[in-house]
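Working notes for the structure below.
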Amino acid sequence: MTDFKTPLRLALVLALGAALPAVAQDAAPAAPAETPAPAAEAPADAPSADAPAAAEAPAEEGGIGQPYVAATHGDWQQRCLRTESGADPCQLYQLLNDDRGNAVAEFSMFGLPEGQEAVAGATIMAPLETLLTEAVILQIDGGEAKRYGFTFCAQQGCVARVGFTQAELDAFRRGNEATVAITPLGAPDQRVALTLSLRGFTAGFEAVAAANEKANAAAAAAAPSGN
């Protein structure tokens with residue numbers, strides 16, 4: 001999997017990162033299907049795929065380098081990092097709760113440059129108390145359940161970095177809801193299935209893509225010409 005880190009996106013990670021509570025242990029299992037994620041090259045100054053946004057929404061107002069929620073699209077937030085140019089990089093974000101309303105995991109997504117197999121990048125963050133060998137199981141509506149391995153763990157939680165093909169992105173756009181399933185370390189026989197709402201996904205993804213295109217253009221215009 002390609003390294004997604006760039007200074008601007010790493011700043012977004014640090015600004016938005018937050019610790020998550022322990023995984024609930026009483027959800028229904030989901031059927032896995034072994035599917036490798038395609039490699040994904042992240043665009044310059046795009047939102048990070050190293051860690052998702054924070055569980056608590058940041059303030060709308062803030063200085064340069066501060067995160068904020070630019071808009072809400074259905075059940076998704078468009079989270080951005082404030083820059084001097086005003087062309088702020090963004091990611092589409094949703095906090096996943098268990099059936100008791102406890103925050104369990106985070107899902108962040110954004111578009112990737114054309115010309116490669118993966119057209120969208122995503123980050124799924126799970127608690128540190130997750131059984132990593134069981135990976136993350138993602139299923140959209142009644143479609144095929146796919147397995148994605150964890151990439152690393154940090155203080156905030158354990159991260160799966162995923163690349164989605166055009167067909168997989170189209171499934172997000174057509175779908176009603178997805179299931180993200182993880183397995184608690186302390187209860188390996190009790191997979192936790194979390195609902196990822198797809199209400200507002202298409203509008204949110206397009207808004208994030210437009211914001212990042214603007215941010216990339218501003219960064220390119222500000223870069224030294226090299227002459």
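The values are calculated or read from the model by the stated rules, or taken from the named source; none is laboratory data. Here the structure is a predicted model, which means the values were calculated and not measured. Quick reminder, even Gly has a Cβ in these numbers, built from the backbone with ideal geometry, and neighbours come from all protein chains shown. Surface areas here come from the heavy atoms of the whole protein model, side chains and all, with no ligands, DNA or RNA. Shrake-Rupley method; radii C 1.70, N 1.55, O 1.52, S 1.80 Å.
Of all the criteria given as (1) closer than 29 Å to residue 68 by Cβ; (2) open to solvent by less than 30 Å² (accessible area, probe 1.4 Å); (3) of a type in the set (Ser, Thr, Tyr), the one not satisfied by residue 195 is (2). Within region 112-121, one or more residues are in contact with a Phe, Trp or Tyr (Cβ under 7 Å, 6 or more places away or on another chain), farther than 21 Å from residue 156 by Cα and open to solvent by less than 30 Å² (accessible area, probe 1.4 Å).
Does residue 127 fit the bill of being in contact (Cβ under 8 Å) with a residue 24 or more places away in the chain and in contact with a Cys (Cβ under 9 Å, 6 or more places away or on another chain)? Full working, then the answer.
Numbers: in contact (Cβ under 8 Å) with a residue 24 or more places away in the chain: yes; in contact with a Cys (Cβ under 9 Å, 6 or more places away or on another chain): yes.
Here the answer is yes, as residue 127 does meet what is asked.
Scan 74, 63 and give me the residue that is among the small types (Gly, Ala, Ser) and free of Cβ contacts under 8 Å to residues at least 60 places away in the same chain. Don't jump to the end; show me each part of the working.
Numbers: 74 fails: free of Cβ contacts under 8 Å to residues at least 60 places away in the same chain.
The unique qualifying residue is 63.
Which condition from (1) open to solvent by less than 60 Å² (accessible area, probe 1.4 Å); (2) more than 15 Å from residue 96 (Cβ to Cβ); (3) touching a Leu at 6+ places or on another chain (Cβ under 8 Å) is the one that residue 209 breaks? The failed condition is (3). For region 170-191, does any single residue satisfy the condition of being charged (D, E, K, R), crowded, with 18+ Cβ neighbours inside 10 Å and modelled with pLDDT under 95? Within region 170-191 (the criterion being charged (D, E, K, R), crowded, with 18+ Cβ neighbours inside 10 Å and modelled with pLDDT under 95), the answer is yes, since at least one residue qualifies.
If I filter region 124-139 for residues that are open to solvent by 40 Å² or more (accessible area, probe 1.4 Å), of a type outside the set (A, V, I, L, M) and closer than 22 Å to residue 198 by Cα, do I get at least one hit? Break it down stepwise before answering.
Restricting attention to region 124-139, the residues satisfying the condition of being open to solvent by 40 Å² or more (accessible area, probe 1.4 Å) are 128-129, 132-134, 139.
Next, from what is left, pick out any that are of a type outside the set (A, V, I, L, M): 129, 133-134, 139.
Narrowing the set further to residues that are closer than 22 Å to residue 198 by Cα leaves 139.
Looking for residues that are open to solvent by 40 Å² or more (accessible area, probe 1.4 Å), of a type outside the set (A, V, I, L, M) and closer than 22 Å to residue 198 by Cα, one finds at least one in region 124-139, hence yes.
Of all residues in region 143-155, one or more are within 23 Å of residue 176 (Cα to Cα) and open to solvent by 50 Å² or more (accessible area, probe 1.4 Å). Can you find even one residue in region 55-67 that is part of a strand (DSSP E or B) and either at pLDDT 65 or above or under 30 Å from residue 167 (Cβ atoms) (or both)? Within region 55-67 (the criterion being part of a strand (DSSP E or B) and either at pLDDT 65 or above or under 30 Å from residue 167 (Cβ atoms) (or both)), the answer is yes, since at least one residue qualifies. For region 189-215, the tally of residues that are in contact with a Ser or Thr (Cβ under 6 Å, 6 or more places away or on another chain) and not small (Gly, Ala, Ser) stands at 1.
If I filter region 212-227 down to residues being surrounded by fewer than 16 Cβ atoms within 10 Å (Cβ to Cβ) and within 16 Å of residue 111 (Cβ to Cβ), which single residue comes out as nearest to the chain's Cα centre (by Cα)?
In the first step, residues of region 212-227 are kept if they are surrounded by fewer than 16 Cβ atoms within 10 Å (Cβ to Cβ); the result is 213, 217, 220-227.
Subsequent filtering for residues that are within 16 Å of residue 111 (Cβ to Cβ) retains 213, 217.
Details: 213: 18, 217: 23 Å.
Checked region 212-227; the qualifying residue nearest to the chain's Cα centre (by Cα) is 213.
Just to be sure I understand, how many residues within region 100-139 are under 21 Å from residue 78 (Cβ atoms) and part of a strand (DSSP E or B)? Qualifying residue count, region 100-139: 14.
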